[in-house]
1. Could you check, for region 258-265, whether at least one of its residues is touching a strand residue (DSSP E or B) at 6+ places or on another chain (Cβ under 6 Å) and either more than 20 Å from ALA135 (Cβ to Cβ) or β-branched (Val, Ile, Thr) (or both)?
2. Name every residue in region 93-103 that is within 24 Å of ALA279 (Cα to Cα) and either without any contact (Cβ under 8 Å) to a residue 12 or more places away in the chain or not polar (S, T, N, Q) (or both), in order of residue number.
3. For region 379-430, which positions are crowded, with 20+ Cβ neighbours inside 10 Å and charged (D, E, K, R)?
4. What is the one condition in (1) in contact (Cβ under 8 Å) with a residue 60 or more places away in the chain; (2) surrounded by 15 or more Cβ atoms within 10 Å (Cβ to Cβ); (3) of a type in the set (S, T, N, Q) that SER373 does not satisfy?
5. I'd like the full set of residues that are in contact (Cβ under 8 Å) with a residue 40 or more places away in the chain and farther than 17 Å from ILE156 by Cα, limited to region 202-217.
6. Given the residues TYR96, TYR75, TYR146, which is the only one that is assigned to a helix (DSSP H, G or I) and not β-branched (Val, Ile, Thr)?
7. For residues that are among the β-branched types (Val, Ile, Thr) and over 27 Å from the mean Cα position of the chain (by Cα), scanning just region 370-394, find the one that is modelled with the lowest pLDDT.
Amino acid sequence: MYTSHTKADKEEMLKVIGLEKIEDLFQCLPDEGKFPTLDLPEGITEMEAMDELQYISSFNETTQELVSFLGAGAYNHFVPAAVDAILQRGEFYSAYTPYQPEIAQGTLQAIFEYQSLVAALTGMDVANASHYDGATSVAEAVNMAYHTFRGRKTRIVVSPTVNPQYRATIHTYMDGMDLEIVGEDLDPNSNPDDLIELIDENTAIVVVQYPDFLGRLFDLSTLTAAAHEHKALVSVHINPISLGLLKPPSEFGADIVTGEGQPLGISLSYGGPYLGLFATKQKYVRKMAGRLAGETVDTRGQRGYVLTLNTREQHIRRENATSNICTNQGLIALASTVYLSLLGKNGLQDLAKLNYHKAHYAAEQISTVPGFSVNPVQPFFNEFVVQCPVPAEEVNQTLLEHDILGGYELSKDYPGMTHELLVAVTEMNPKSEIDFLVAVLEEEYHD
C-alpha cells in the first residue's frame, strides 16, 4: 500500500510527541480491547498480487460463461458500450453531489433528464433521483405514507408476492415503529384483490408488485379503488422494461411507483450497485425522500438547473425529517438515462416485446416436457413459474452440470413451493438457448 510518509517522517513525528514507536500511541488501551495480531502472509509485489487475484477470479462463473434463466429481481440484459463510455468520462465519474449549481450544470442536467425519463416511463407527475436499489425505494414508499398521514395511520398492507428481499427491507426500516404490517402471510398464489379485506380506515399504504414476484400480471384497478375508498395510498413496484409493453401504474390510480432500475443498462455486478426508481403524484412531492433537480432561468435568461428540493432537510428538521436518504446513485442513474436515451420510446417497446415473446416461447416449450408444467391461465411478462416433477433444487443442479443457470428456487422464500422454479427470459436468450434448456430437461427427466 502506498503511503506518503517515509520512515524518517514517522520517526520525526514520533520524536516531536515524545514516543518511540507507533504502537505507543495505543498504550492507554487495555490489552483485551486491542485488535489481535493479524496472521497475514509475507508481502508480495503488485505483479504477483495481480496474478493471484486473477487466479481467484477464474473460479467465478458468470452469465458470459453460462446460459442464464435466473431473474427474481436482477436480470441479464444487454448493456450498450455507449453506457460505460459516457459513465467513465471524468466529468461524471469523479463528480460528487451537485451542491454548487454554478459548477455542476452537467450533473444537474443529467439528473433532471433522468427524472423526466422515469416520470414519463411510469406516467407519474414527478420522480426523484434516486435511491440505492429497488428494496430501498419500496421501504421509502412505506416511510413516505407514514409521514403523509403524520403517523395517524399505522397499518401497512403488503402483498406476499412483493419481492421477499424488499419486504425484509420494509421490516428493517420500520423496526421500532408502532406499525402493523399485514398481508405477507397470505397464500402467494392468491389474487391481489384478496388484500382488500385487510384494508381499513387505519391503513396508510398498500404495497404490491407489477408484474409480481412470481411473474404474474393482474389488473390492480379494483384494489386501488378499494384502498382509495379508505383514503390509503397505493404503491406499485414495477419492472421498468415491462412498461415498454404494459400500461403504466398511473393508469390504474397508483399514488407511488417504485422500481429496480438494474434492467436499464446496469450490469448484474454480483448484486450491485443498483438503482432505486421512485415516482409519485405532485401533491406528495414534499414528503418524497431523495433529491429533486429542477429547471430554471438565470439572471441572463439562460436555462439552468438547480437542486429544487434539498434532501438534507434533516440538518434543519432533525428527528422530524421524513427521511434520512441523502446520497443518490448518481452514476448509476446516469447509466439508466443513457440507456433509455439510446433506446428511445420505440426501442423500449421493441425490447419489451422481445422479452415477452421469448418468455412465452420458452413457457410453451417447457410445457411440452413430460412432468413439467407452466400455468397457462395467468398472464405474465418475461418471468413465469415452472412446476417440476422433482424438487426445483435438483433440477437446478442438473442444469448446472450442463452449464445452465436455472431459475430461482421459490422454496427459499415460500417453504411450500419445493417443486416450483421461477424462470426468467430476456433478449439475451436466443432461441437456441431456450431449445437447449428444453432438450436437457427432456433428456434428464424422460420416463
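The values are calculated or read from the model by the stated rules, or taken from the named source; none is laboratory data. If you're wondering where the values come from, they're calculated on a predicted model, not measured in any experiment. Positions of Cβ are backbone-derived with ideal geometry, glycine not excepted, and every protein chain shown enters the neighbour counts.
1. Looking only at region 258-265, we keep the residues that are touching a strand residue (DSSP E or B) at 6+ places or on another chain (Cβ under 6 Å), and these are 258-259, 261.
Still in the list and also either more than 20 Å from ALA135 (Cβ to Cβ) or β-branched (Val, Ile, Thr) (or both): 258.
Yes: region 258-265 contains one or more residues that are touching a strand residue (DSSP E or B) at 6+ places or on another chain (Cβ under 6 Å) and either more than 20 Å from ALA135 (Cβ to Cβ) or β-branched (Val, Ile, Thr) (or both).
2. Our first condition is that a residue be within 24 Å of ALA279 (Cα to Cα); within region 93-103, this holds for 96-99, 101.
Passing the criteria: TYR96, PRO98, TYR99, PRO101.
3. Those that are crowded, with 20+ Cβ neighbours inside 10 Å and charged (D, E, K, R): GLU383, GLU409, GLU420.
4. Evaluating SER373 over (1) in contact (Cβ under 8 Å) with a residue 60 or more places away in the chain; (2) surrounded by 15 or more Cβ atoms within 10 Å (Cβ to Cβ); (3) of a type in the set (S, T, N, Q) leaves (1) as the failure.
5. Going through region 202-217, the residues in contact (Cβ under 8 Å) with a residue 40 or more places away in the chain turn out to be 202-209, 211-217.
The answer is PRO211, ASP212, PHE213, LEU214, GLY215, ARG216, LEU217.
6. Details: TYR96 fails: assigned to a helix (DSSP H, G or I); TYR75 fails: assigned to a helix (DSSP H, G or I).
Result of the check over TYR96, TYR75, TYR146: TYR146.
7. VAL377
Yes or no, residue by residue, for (1) within 15 Å of ASN355 (Cβ to Cβ); (2) acidic (Asp, Glu); (3) assigned to a strand (DSSP E or B); (4) modelled with pLDDT of 95 or more:
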site	(1), (2), (3), (4)
ASP212	no, yes, no, yes
LEU223	no, no, no, yes
ALA226	no, no, no, yes
LYS231	no, no, no, yes
HIS237	no, no, yes, yes
LEU243	yes, no, no, yes
LEU246	yes, no, no, yes
ALA254	no, no, no, yes
